Amino acid sequence: MGAKPGDLLTIESRRGAVSLFARAEDGTPRGAVFVPFCYYEAAINKLTNAALDPFAKIPEFKYCAIRVRPGGEPPRQGSYGGGQILAASRP
């Protein structure tokens, strides 16, 4: 895909799309994408299945098929840093 950390990406499922800034992690398996669900700028749970486990009633928010493409509409900044890579401060 050629994307680098800090590039804008759009993640889409059949339920919706979310644009966010890329971040590389060595611990993420090839072919997998991880997005924390705690930030409203990237409301990733809108892409997942709303089904509930029939016994525990826990939402099935953990997995879904997606497509990732470069670009998209930048998310509105609502948190410190807005998801962008920040320059390290120097003493």
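Readers should treat all values here as calculations from the given coordinates under stated rules, not as data from a laboratory. Everything quoted here is computed from the prediction, not taken from an experiment.
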Using the Karplus curve 6.51 cos²θ - 1.76 cosθ + 1.60 with θ = phi - 60°, what ³J(HN,Hα) values do you get for each residue of segment 22-33, in whole Hz, with x for Gly and Pro?
5, 9, 8, 9, 5, x, 7, x, 4, x, 10, 10
Whole-Hz couplings from phi, Karplus 6.51/-1.76/1.60, listed for segment 10-15; x for Gly and Pro
10, 10, 10, 10, 5, 9
Step through the residues of segment 62-70 one at a time and calculate ³J(HN,Hα) from phi using the Karplus curve (6.51 cos²θ - 1.76 cosθ + 1.60, θ = phi - 60°), rounding each to whole Hz and writing x for Gly and Pro.
8, 9, 6, 6, 9, 10, 10, 9, x
